[in-house]
Amino acid sequence: MTNIIEKLRDVSLDELAANEKLKVGADYLRGRLMESMADRATGAVVEDDTQLTKFHGFYMQDDRDVRNERRQQKLEPLYSFMVRLRMPGGVMTSDQWLKLDDVAQKYANGTLRITTRQTFQYHGVFKDNLRAHLKAVNEAMLDTIAACGDVNRNVISTANPHVSSIHRQVYELAGDISAHLLPSTRAYHEIFLGEERVAGGPEEQEPLYTKHYLPRKFKIALTIPPENDVDVFAHDLGFIAHVENGELKGFNVSVGGGMGMTHGEPSTYPRTGDVIGYCPVDQVIDVSEKVMLVQRDNGDRRNRKHARMKYTVDDHGPEWFRAELESYLGYALEEPREFQFDNNGDRYGWYQGENGQWHYGMYVENGRIADFVETNRQLMTGMREIAKIHDNDIVLTTNQNLIITNVAEDKRAVIDALIEQYNMVRTTTPLRRQSMACVAFPTCGLAMAESERYMPSLLDKLDAVMADAGLSDDAIVVRMTGCPNGCARPYLAEIGFVGKALGRYNLYLGGNFTGQRLNKLYRENIDEATILGELTPLIHRYAKEREEGEYFGDFVIRAGVIKETTAGRNFHEQ
Ligand code: SRM
Ligand code: SF4
């Protein structure tokens, strides 16, 4: 149990990954951001600051659709920022929805994007609009602090605190953990909200993070079995609720999940977390903090590709991790309790909560809230009209959907009429409802292939295959990402597509329906015709040969189509 300050006392920063030097030298996340913001000659911020803005919740990007054209015209890339909100549990009031919508129209590209971590992202925010944007978000009583960067990110929790008192308690814990693990620096308030720096005050301290912050991003999810909508095993730290006689007693603690990897580098791999113990409710904040500190002090700061906590857990073993954690806690974790999941998707349409109120789960294709001209689906306008008459919360889900919560019986018809009027919900199959795609082009700088813009048309074709096989009422978890970073958690899907190059994807098979098993590479670098050529016979075979209640991901393993992945470490073994 040696903390990071002591560990790095005699280590030259030059021996560490480049970001480590940057964090230490940035005066607690200030860098040269004041100057960068004032520089009107460019839409960009200086190179080092592009890493620091992440800790404040925004990323510099450029529009990749016009990159070549602008290069030919000798113009700088069309820089703008992606801004991500911190919204633990994905909950906002209708009034906040209206304010956030207004921010999108005034300072961003007019759309809102529900992310796979239950919050909104804005795209297309120009540097000149950034401060106004962040101030407006702040006026809506929200912020973007630590939404990205080497810190604890938005804490996600199983959707809809209004469904039951257990859901409410778990959601509140997500908020408490998020608040507890926030960085302490006032840099955000000074640079973007105009707070004065206290002159001559004591040097700012980051008691939890220190000037080194974390080796890499850190993610926490909480869920309540049998729902695994959050994909709890994809996170650095997962809490699985244990309920006895209708009372929330505590949580199983899972550590070391993560999705990201790099094509062609087998030392990088996705990993599902290990359940290492159990803690009662009143230890959750302490356990969150101490797990994060074990990673702060032991994560790899030399190699950023090996810096996530999943590698710390694998390198030392889960038993070591538990022992180390217990030494930080000063007490032992209890032994894990039994749990069972039955799905990792969302609930759609109207359903009733414990308090008798109604909730409407709305499918939002890949999380994009906009008015779509081609299909005449007016999701942005429709949600605005709903938010105007709805006097309760709207909740975002980790599957990029939303829930209009706490609707009285006699108000349901009004909401139904607005959904109809604005043509908000497209007819969907279970296959589509279980699907997710990451953002990718044109904003994501790391995208190798399309995802959000392509997945709908591929699903049209897969829907036709499913119909042909008589499986229109069956669900298969299908996910796509534009690169191997795994933002839509594709390695937990029954069918995963991961971008390799424009129009080409790696096809992964064999995840399970509950998000507890990783899939495996089945075909590499294939185009749409080959994807359909591979999947059509498999789907037909599944229709004919499956056992009662057998899911597609289980079938492909039983039928010998693909080998089961039993742990992240053997993800690449064929
Ligand atoms: Fe992600 C980076 C979008 C959830 C793993 N992710 C990015 C960036 C910021 C690209 C970049 O670094 O330049 C993407 C911005 C695209 C854009 O234009 O908006 C991006 N990630 C997203 C979102 C918006 C995908 C979506 O379609 O919803 C999700 C935002 C979540 C949020 O609100 O915080 C998003 N990213 C995830 C998840 C899923 C999750 O957390 O449950 C993962 C896999 C889980 C994990 O972390 O292991 C994920 N994103 C990554 C990685 C790979 C990390 C790694 O360990 O290797 C990167 C790249 C990196 O960090 O170097 C990345
Ligand atoms: Fe971008 Fe890759 Fe994440 Fe998709 S998976 S949003 S392409 S980083």
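The values are calculated or read from the model by the stated rules, or taken from the named source; none is laboratory data. The shown structure was predicted, so the numbers you read here are calculated from the model rather than taken from an experiment. Here the Cβ is made from the backbone with ideal geometry for all residues, glycine too, and neighbour counts use every protein chain on show. Remember, those area values only see protein heavy atoms, side chains included, never the ligands or the DNA or RNA. Shrake-Rupley method; radii C 1.70, N 1.55, O 1.52, S 1.80 Å.
List of remarks:
- Any chance Ile531 is buried (at least 19 other Cβ atoms within 10 Å of the Cβ), more than 16 Å from ligand 1 (Cβ to nearest atom), modelled with pLDDT of 95 or more and over 28 Å from Phe441 (Cα atoms): no
- Checking each residue in region 102-115 for being surrounded by fewer than 20 Cβ atoms within 10 Å (Cβ to Cβ) and either touching an Asp or Glu at 6+ places or on another chain (Cβ under 6 Å) or in a helix (DSSP H, G or I) (or both) picks out Asp102, Gln105, Lys106.
- Filter pass, Ala467 being hydrophobic (A, V, I, L, M, F, W, C), open to solvent by 40 Å² or more (accessible area, probe 1.4 Å) and farther than 14 Å from Thr565 by Cβ: yes
- With respect to being more than 16 Å from ligand 1 (Cβ to nearest atom) and open to solvent by less than 10 Å² (accessible area, probe 1.4 Å), Leu509 fits the description.
- Checked against the criterion of being more than 30 Å from Cys483 (Cβ to Cβ) and open to solvent by less than 50 Å² (accessible area, probe 1.4 Å), the candidates Ser184, Ser178, Ser164 yield just one match: Ser164.
- Answer residue from region 534-574, given it is assigned to a helix (DSSP H, G or I) and of a type in the set (A, V, I, L, M) and is surrounded by the fewest Cβ atoms within 10 Å (Cβ to Cβ) among those: Ala543
- Scoring Ala413 on the criteria (1) within 16 Å of ligand 2 (Cβ to nearest atom); (2) over 17 Å from the mean Cα position of the chain (by Cα) leaves a single failure, condition (1).
- So Phe372, is it in contact (Cβ under 8 Å) with a residue 40 or more places away in the chain and of a type in the set (Phe, Trp, Tyr): no
- Region 439-453 residues that are free of Cβ contacts under 8 Å to residues at least 12 places away in the same chain, paired with ones that are more than 9 Å from ligand 1 (Cβ to nearest atom) and open to solvent by less than 30 Å² (accessible area, probe 1.4 Å) (beta carbon under 9 Å, 6 or more apart): none
- Identity of the residue in region 338-395, acidic (Asp, Glu) and within 25 Å of the chain's Cα centre (by Cα), that ends up farthest from Tyr171 (Cα to Cα): Asp371
- Residue match in region 71-84 (condition: under 30 Å from His359 (Cα atoms), of a type in the set (Gly, Ala, Ser) and in contact with an Asp or Glu (Cβ under 8 Å, 6 or more places away or on another chain)): no
Yes/no matrix, rows are residues, columns are (1) part of a loop (DSSP other than H, G, I, E, B); (2) closer than 29 Å to Lys21 by Cβ; (3) open to solvent by 10 Å² or more (accessible area, probe 1.4 Å):
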residue: His242; (1), (2), (3): no, no, yes
residue: Thr262; (1), (2), (3): yes, yes, yes
residue: Gly277; (1), (2), (3): no, no, no
residue: Glu324; (1), (2), (3): no, yes, yes
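- Filter result (open to solvent by 10 Å² or more (accessible area, probe 1.4 Å) and more than 28 Å from Ala26 (Cα to Cα)) within region 206-228: Ile224, Pro225, Pro226, Glu227
- Enumerated strands (runs of 3 or more DSSP E) restricted to region 464-530, each holding at least 3 residues that are among the aromatic types (Phe, Trp, Tyr) and at negative phi: none
- Flag if Thr268 is open to solvent by 30 Å² or more (accessible area, probe 1.4 Å), closer than 21 Å to Cys487 by Cβ and in contact with a helix residue (DSSP H, G or I) (Cβ under 9 Å, 6 or more places away or on another chain): no
- Hits in region 467-511 - residues which are among the hydrophobic types (A, V, I, L, M, F, W, C) and either within 14 Å of ligand 2 (Cβ to nearest atom) or in the same structural domain as Thr115 (by TED's automatic domain parsing) (or both): Met480, Cys483, Cys487, Ala488, Leu492, Ala493, Phe497, Val498, Ala501, Leu502
- Residue count for region 419-436, restricted to those that are of a type outside the set (Ser, Thr, Tyr) and surrounded by fewer than 20 Cβ atoms within 10 Å (Cβ to Cβ): 8
- Residue match in region 46-66 (condition: β-branched (Val, Ile, Thr) and either outside the structural domain of Leu293 (by TED's automatic domain parsing) or within 30 Å of Glu324 (Cα to Cα) (or both)): no
- Filter pass, Asp474 being open to solvent by 30 Å² or more (accessible area, probe 1.4 Å), among the charged types (D, E, K, R) and more than 12 Å from ligand 1 (Cβ to nearest atom): yes
- Residue within region 437-457 that is open to solvent by less than 10 Å² (accessible area, probe 1.4 Å) and away from ligand 1 (no atom under 16 Å from the Cβ) present: no
- One residue stands out among those in region 120-148 that are part of a loop (DSSP other than H, G, I, E, B) and under 15 Å from Leu98 (Cα atoms): the one that is nearest to ligand 2 (Cβ to nearest atom), which is Leu142.
- In region 314-343, the residues that are farther than 23 Å from Val243 by Cβ reach residues that are loosely packed, with under 12 Cβ neighbours inside 10 Å and of a type outside the set (Asp, Glu) with C-beta atoms within less than 6 angstrom, at least six apart or across chains, in these pairs: Ser327/Met1.
- Boolean, Asp62 is modelled with pLDDT under 95 and within 16 Å of ligand 2 (Cβ to nearest atom): yes
- Residues that are of a type in the set (Lys, Arg), open to solvent by 10 Å² or more (accessible area, probe 1.4 Å) and at pLDDT below 95 occur in region 190-204; there is at least one.
- Within region 4-30, the set of residues being part of a loop (DSSP other than H, G, I, E, B), open to solvent by 40 Å² or more (accessible area, probe 1.4 Å) and either closer than 27 Å to Gly194 by Cα or in contact with a Lys or Arg (Cβ under 8 Å, 6 or more places away or on another chain) (or both) comprises Gly25, Asp27.
- Some residue of region 494-502 being touching a Gly at 6+ places or on another chain (Cβ under 7 Å), under 16 Å from Asn344 (Cα atoms) and either open to solvent by 10 Å² or more (accessible area, probe 1.4 Å) or in contact (Cβ under 8 Å) with a residue 12 or more places away in the chain (or both): yes
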